[in-house]
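Undergrad: Before we start, here is the structure in question, set down as structure tokens.
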Amino acid sequence: MGLMIKRYVLDIMKPLPIYPWIVWFIGATFFMIEYVARISPAVMRKSLLSDFDISSGQFGSLSAIFQMVYIAMQLPVGILTDRLGAGYLLGWSILVCALASLGFSASESLFQAQLARFFMGLSGSFAFVCTLKLATTWFSQSRLGLLAGMTQIMGMIGGASGSMVLPYGLQLYGWRYMMAMIALSLALVYIACCLFVCTDKTSQLGGTGWSRGERWYDSLLFVCQDKQTWINASIAGLIYLPTAVIGELWGPMFFEQVYGLTDGQAARATGWIFVGWGVGGALNGWCSDWLLLRRPTLIVSAGCCVLLLLAILFSPSHSVYSLSLMCCIYGFFNTGVVTAYAVATELNPKKYTGTSIAFTNMISILYGVMYIPVFGYLLDYFWDGKQLQGDPIYALPLLYGAVLILPLAQSLACYLSIYHLKETGCRSYEHRQDGSDVP
């Protein structure tokens, strides 16, 4: 019965010009809600520390489990997406993420919470790759920069919602109720996916050139052997590293203790990073598409972020308004990551798009995930034992030392963009191989 309803809906919807946008929107909405779940521990920090009776290091590890699994799954996700099709995998991943979010809301021990975060990261790892794979199937190459930016915007809307709206829900209903609401939202997206997203492998792959004789790991070998793919992915990771550390977890605590903000003020100031990202994401992708050049937007992004991050982290003082403004501008310029995803689709053959995007996505998150727990354990190791109402208070030199690596990372991204990354000219791998000037 369910298959009959789906076939009936698809027969009506697929011929419509709006259908590709519906498919993209469902995947992007999953990415948005998954992002809320990803960063939720940042605004639930005190509640989780209290309910599970854990240290800052354990809290950092609990949060990072999501990202660690997310990273570990990126290459398998890319290969599976290229082989099985994005629509089929998207539905299953949404369902698992909904169940894992519900499990996290019911967790009574640290182990149960860690297990739930594990499955949230496992299922969430499909969101971005499947969405961009669907975009490459249903849209032309000339729109990939824009669509990569719009997909990232949806994620940043999730980040902003998590940082700016969740605190109100926590005060009114508690963290368990809010996680249950995330699970309910994912369940609704799952229903939409079942109805509207085509799961037929042939139509999803769109004639990308897979042959039956190719081995499952050929795409991975091809992508990993390309030096430019590594450089591009590293640029994305270095640009995004501070956003992962400050925006997704430690920013509210840092702003509370360095600038004397309240819990809510610090969380909302951090959320403005994602608002800026939302404004700049599509503009960055459109700009590189319009220029027919990728490197300039990467260079400007990394260079401006270095200066803005220094102003955000090391200023003598900040009001909540000045800090929010600086975070918003920083988020706007941090969107060079969008260009890196577009470059990833152009450095490798179209049939390996899923693997190429997944590899870049993996590296773009890897650096931040590696440093998030290190940040927490540094605070634990050098903490002098001071507390205020049960919450650890850290010395300013310790906090400044822990964040010093962040602007240095973005300086390295700027250097790689200027001296080592080659320009693709917004042309696909196939067009560059045959010498065509057509994007």
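Undergrad: Which value, in debye to the nearest 20, describes the size of the charge dipole of region 19-84 about its Cα centre when Lys and Arg Cβ atoms bear +1, Asp and Glu Cβ atoms bear -1, and nothing else is charged?
TA: About 80 debye.
Undergrad: Candidates (1) 1.81; (2) 0.95; (3) 1.07; which is the computed Cα Rg over 2.2 N^0.38 Å?
TA: Answer label, from the structure shown: (2).
Undergrad: What does the highest-first list of 221-228, 133-140, 319-326 look like by mean Cβ count within 10 Å?
TA: 133-140, 319-326, 221-228
Undergrad: With the chain treated as a Gaussian network of Cα nodes joined by springs under 10 Å, which of Tyr330, Tyr371, Tyr400 yields the largest mean-square fluctuation?
TA: Greatest mean-square fluctuation among the candidates belongs to Tyr400.
Undergrad: With r as the distance between the Cβ atoms of Leu188 and Asp434 and R0 = 35 Å, compute the FRET efficiency 1/(1 + (r/R0)^6) and round to 0.05.
TA: 0.20
Undergrad: With labels modelled as points extended 7 Å from the Cα through the Cβ direction, what inter-label distance (nm, one decimal) is found for Leu16 paired with Arg215?
TA: 4.5
Undergrad: Separate question: For region 353-439, treating each Cα as an identical point scatterer without solvent, what Debye log10 I(q)/I(0) comes out at q = 0.12 1/Å?
TA: Scattering profile of region 353-439, log10 relative to I(0): -0.62.
Undergrad: What residue among Pro252, Pro167, Pro392 shows peak mean-square fluctuation when the chain is described by a Gaussian network model with Cα springs under 10 Å?
TA: Evaluated over the chain, the most mobile residue of the options is Pro392.
Undergrad: Could you tell me the center-to-center distance, by alpha carbons, between region 239-302 and region 311-326 in angstrom?
TA: 14
Undergrad: If we sort 264-270, 49-55 on the protection proxy, mean other Cβ atoms within 10 Å, highest first, what's the order?
TA: Result, highest mean first: 264-270, 49-55.
Undergrad: Related question: Report, please, the projected area of region 244-316 averaged over directions, based on the convex hull of its C-alpha atoms, in nm².
TA: Seen from a random direction, the Cα hull of region 244-316 projects 5.2 nm² on average.
Undergrad: Need the full-extension length gain, Tyr168 to Ile54, defined as separation in residues times 0.36 nm minus the C-alpha distance. One decimal, nm.
TA: Gain on stretching Tyr168 to Ile54: 38.7 nm.
Undergrad: With Kirkwood's inverse mean 1/r over C-alpha pairs for Rh, give me the Rg to Rh ratio of region 294-439, two decimals please.
TA: Here Rg/Rh amounts to 1.09.
Undergrad: Who wins for biggest fluctuation among Ile39, Ile393, Ile239 in a Gaussian network model of the chain, springs between alpha carbons below 10 Å?
TA: With Cα springs under 10 Å in the chain, the top fluctuation among Ile39, Ile393, Ile239 is at Ile393.
Undergrad: Between Ala106 and Leu398, what is the spin-label point distance in nm, taking each point 7 Å from the Cα along the Cα→C-beta axis?
TA: Using points 7 Å along Cα→Cβ, the separation is 3.8 nm.
Undergrad: Turning to a different aspect of this structure: Just to be sure I follow the definition: excluding the sites themselves, where is the longest run in the chain that has none of the GluC sites (Glu not before Pro) in a DSSP loop with at most 15 other Cβ atoms within 10 Å?
TA: By the stated rule (loop sites, at most 15 other Cβ atoms within 10 Å), 215-422.
Every read-out reported here was derived from the displayed coordinates using simple, explicitly stated rules and does not represent laboratory data. Since we're looking at a predicted model, the values are computed, not measured. Reconstructed Cβ throughout: ideal geometry from the backbone, glycine too, with neighbour counts over all protein chains shown.
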